[in-house]
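S.K.: Mind having a look at this structure? Questions to follow.
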Amino acid sequence: MKVDIVTTAGTQTVDAKDGQTVLSLIQDQGIQFLAPCGGNGKCGKCRVLLRTQEGLEYHLACQTKVEEGMKVILEKDDSAMSIAEDGFSTPYKVDERTDNKYGAAVDIGTTTVVLHLHDLNTGKRLSSASCPNPQIVFGSDVISRINASMNGKLGAMQNVIDTGLIKLLNEAFESAGVEKQPLDKMVIAGNTVMEHIAVGLSPDSIGVNPFTPLTLFGDVHEIKNLNDNIYMVPCVAGYVGGDISAGAVATGLVNKDLPCVFVDVGTNGEMIVGDKNRMVSCATAAGPAFEGANIECGMPAAPGGISKVRLDGEELELDVISNIEPIGICGSGLIDTLAIMLDLGVIDETGLILDDDEVEGFGGKFVGEVNGDNVIFLSREQNVYVTQKDVRSIQLAKAAVCAGIWTLLDELGIGIDDVSELMIAGGFGSHINVKSATRIGLFPPALLPKARAVGNSAGEGASAILISSEARDNLKEVMEKCEYVELSTSANFNEHYVDQMTFDEDDE
């Protein structure tokens with residue numbers, strides 16, 4: 001049957017299968033579209049405007065079957081996301097070459113993709129290009145992507161990411177003012193699931209006990225129509241991926257004299273703690289709450305998203321991406337909100353949103369009700385708010401990350417005072433207010449004066465690995481020294497997890 005899909009780019013008529021859902025049809029077309037829960041009917045964020053014989057109505061794409069002659073109207077542009085392309089990198093000596101070749105370094109994140117184009121003679125970065133990961137139509141987190149693979153969508157997911165990489169490469173050449181030519185080589189860093197999907201390997205085994213990937217990479221692969229000399233950065237374990245290995249290279253962890261905490265907070269809180277003598281790593285199941293998924297009014301860092309919240313007198317001051325009316329809240333804004341409401345006594349240390357008449361001072365005016373439950377209103381129109389369920393989701397996520405840090409410190413036999421630096425990686429880490437993050441207990445409060453954002457360290461590490469044999473030697477050393485701690489079987493982690501569940505300001 002024929003169905004029209006209307007986007008900001010125009011209308012296309014496509015063939016649909018009988019019984020197919022609207023979301024499945026959108027997935028098949030490789031269209032950028034937000035479906036955080038992967039089509040399970042839980043998040044309610046795949047709402048689309050449909051014109052059928054009955055008229056024009058909104059429906060959930062994942063719960064609605066296509067019909068002959070249907071028009072699927074996608075009103076939002078989910079490609080306009082704020083993406084951190086750059087980050088910190090320790091300087092590395094560039095390999096000497098004279099063959100006028102080009103290379104690309106890529107960070108494939110679960111949410112975003114960044115590509116850097118380099119002149120391999122000089123090592124100079126000529127340009128960068130980025131986009132939201134087009135696989136987001138299959139779900140916002142790695143578990144959703146694994147489930148999609150198990151349901152026969154591996155080929156579709158590989159196709160959309162590989163097509164996206166080709167598009168980014170074209171943009172990078174154009175931006176650099178260089179005529180496009182075959183690359184000499186590429187380096188791709190990503191979490192283990194993203195690296196599997198990019199080269200067409202099934203990530204299914206990573207989703208079931210004992211969470212064993214088909215490969216930990218560290219070798220060369222070919223991606224059709226892109227490049228036949230693609231080095232996939234090695235992963236430490238099933239949930240400590242090549243993005244963390246590359247980040248360790250960018251930050252020079254193997255050369256640190258004193259212990260550091262390096263953490264990338266995303267769907268998984270992946271981290272390494274250590275120095276030149278010893279490094280230990282783990283991955284915590286933080287879930288997608290920090291990226292705005294499974295949050296009532298949550299959204300990615302896109303236009304209309306509240307990215308920062310401050311208290312100005314007795315009013316909330318909001319930073320909204322693109323300076324338009326707020327339509328949702330990003331993870332960074334959510335953390336600010338919880339920190340402020342904890343200080344105002346609107347949320348107690350157990351995470352409960354109090355009734356307005358239970359709050360001392362002016363904080364009670366932010367409390368209201370939606371569907372009979374207490375919420376915290378952020379916008380004057382009261383269309384953006386934080387629910388009790390949202391607070392609980394953040395509690396679970398922040399407890400997991402902080403407990404992971406404490407567990408690795410215990411593994412090394414050191415304390416907070418022994419840590420010289422907290423390095424927070426990734427796009428989310430670039431946008432959060434670290435003071436707010438420590439207030440809610442995402443990181444131990446004693447690390448606040450030692451914290452700094454290092455941005456897209458995965459992309460920076462991939463660039464270093466591309467252009468420098470010295471960086472590649474460092475990567476080899478990271479892989480030799482970095483031990484993996486499995487938290488699912490760690491009684492120590494479970495104890496820390498319970499301890500970190502409340503919003504108590506004190507360190508352990």
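The values are calculated or read from the model by the stated rules, or taken from the named source; none is laboratory data. Predicted, not measured: the structure shown is a model, and the values here were computed from it. So basically every Cβ, Gly included, is an ideal-geometry build from the backbone, and we count neighbours across all protein chains shown.
S.K.: Residue 290 - would you say it is in a helix (DSSP H, G or I) and at pLDDT below 90?
M.R.: Against the criterion (in a helix (DSSP H, G or I) and at pLDDT below 90), residue 290 qualifies.
S.K.: Quick one: what pairs do we get from the range 355-371, first residue of a type in the set (Lys, Arg), second assigned to a helix (DSSP H, G or I), C-beta under 8 Å, 6+ apart or different chains?
M.R.: Close Cβ pairs (under 8 Å, with a partner that is assigned to a helix (DSSP H, G or I)) amount to 365/356.
S.K.: With respect to residue 436, is the statement that it is hydroxyl-bearing (Ser, Thr, Tyr) and surrounded by fewer than 24 Cβ atoms within 10 Å (Cβ to Cβ) true?
M.R.: yes
S.K.: Take residue 452 and decide whether it is of a type in the set (D, E, K, R), closer than 23 Å to residue 300 by Cα and either assigned by TED's automatic domain parsing to the domain that holds residue 236 or part of a helix (DSSP H, G or I) (or both).
M.R.: no
S.K.: Could you run through the range 119-128 and say how many residues are surrounded by fewer than 18 Cβ atoms within 10 Å (Cβ to Cβ) and of a type in the set (A, V, I, L, M)?
M.R.: 1
S.K.: Taking the range 314-344, which residues are assigned to a strand (DSSP E or B) and more than 16 Å from residue 394 (Cβ to Cβ)? Spell out the reasoning first.
M.R.: First pass over the range 314-344, keeping only residues assigned to a strand (DSSP E or B): 315-320, 328-329.
Listed by number, the residues that qualify are 315, 316, 317, 318, 319, 320.
S.K.: Let me ask another. State whether the residues of the range 20-39 include one that is surrounded by fewer than 15 Cβ atoms within 10 Å (Cβ to Cβ) and either at pLDDT 70 or above or in the same structural domain as residue 118 (by TED's automatic domain parsing) (or both).
M.R.: no
S.K.: Ok, one more. Go through the range 242-282 and report how many residues are in contact with a Ser or Thr (Cβ under 8 Å, 6 or more places away or on another chain) and among the hydroxyl-bearing types (Ser, Thr, Tyr).
M.R.: Residues flagged as in contact with a Ser or Thr (Cβ under 8 Å, 6 or more places away or on another chain) and among the hydroxyl-bearing types (Ser, Thr, Tyr) within the range 242-282 amount to 2.
S.K.: Moving on. Of all the residues that make up the range 469-489, how many are out of contact with any helix residue (DSSP H, G or I) (no Cβ under 6 Å at 6 or more places or on another chain) and surrounded by fewer than 19 Cβ atoms within 10 Å (Cβ to Cβ)?
M.R.: Qualifying residue count, the range 469-489: 12.
S.K.: Here is a follow-up. Restricting attention to the range 428-442, report how many residues are touching a residue at least 60 places away in the same chain (Cβ under 8 Å) and either on the phi > 0 side of the Ramachandran plot or of a type outside the set (A, V, I, L, M) (or both).
M.R.: 9
S.K.: Out of the residues in the range 303-313 meeting the condition of being under 19 Å from the mean Cα position of the chain (by Cα) and assigned to a strand (DSSP E or B), tell me which one is modelled with the lowest pLDDT.
M.R.: 305
S.K.: (1) more than 23 Å from residue 420 (Cβ to Cβ); (2) among the aliphatic types (A, V, I, L, M); (3) at pLDDT below 95: which one isn't true of residue 465, the others all being true?
M.R.: Of everything listed in (1) more than 23 Å from residue 420 (Cβ to Cβ); (2) among the aliphatic types (A, V, I, L, M); (3) at pLDDT below 95, residue 465 misses just condition (3).
S.K.: Please pick out the residue among 493, 503 that is farther than 24 Å from residue 187 by Cβ and either at pLDDT 95 or above or in a helix (DSSP H, G or I) (or both).
M.R.: Numbers: 503 fails: either at pLDDT 95 or above or in a helix (DSSP H, G or I) (or both).
The conditions single out 493.
S.K.: Further, regarding this structure: State the number of residues belonging to the range 395-427 that are farther than 23 Å from residue 250 by Cα and either of a type in the set (S, T, N, Q) or without any contact (Cβ under 8 Å) to a residue 12 or more places away in the chain (or both).
M.R.: 4
S.K.: So, in the range 96-118, of the ones that are surrounded by fewer than 18 Cβ atoms within 10 Å (Cβ to Cβ) and of a type in the set (Asp, Glu), which residue ends up farthest from the chain's Cα centre (by Cα)?
M.R.: Restricting attention to the range 96-118, the residues satisfying the condition of being surrounded by fewer than 18 Cβ atoms within 10 Å (Cβ to Cβ) are 96-101.
Subset that is of a type in the set (Asp, Glu): 96, 99.
On the way: 96: 35, 99: 37 Å.
Checking each candidate, the answer is 99.
S.K.: Please specify each residue of the range 163-220 satisfying the condition of being closer than 13 Å to residue 239 by Cα and small (Gly, Ala, Ser).
M.R.: Within the range 163-220, 190, 205, 207 qualify.
S.K.: Same structure, new question: Looking at the range 466-478, I want the residues that are free of Cβ contacts under 8 Å to residues at least 40 places away in the same chain and have a partner that is in a helix (DSSP H, G or I) with Cβ atoms under 8 Å, at least 6 apart or on another chain. Which pairs are those?
M.R.: The qualifying pairs are 472/465.
S.K.: If you scan the range 308-328, which residues turn out to be closer than 20 Å to residue 291 by Cβ, touching a strand residue (DSSP E or B) at 6+ places or on another chain (Cβ under 7 Å) and of a type in the set (A, V, I, L, M)?
M.R.: Of the range 308-328, the ones closer than 20 Å to residue 291 by Cβ are 308-309, 318-322, 326-328.
The next check asks that each one be touching a strand residue (DSSP E or B) at 6+ places or on another chain (Cβ under 7 Å); those that pass are 308-309, 318-321, 326, 328.
Listed by number, the residues that qualify are 309, 318, 320, 321.
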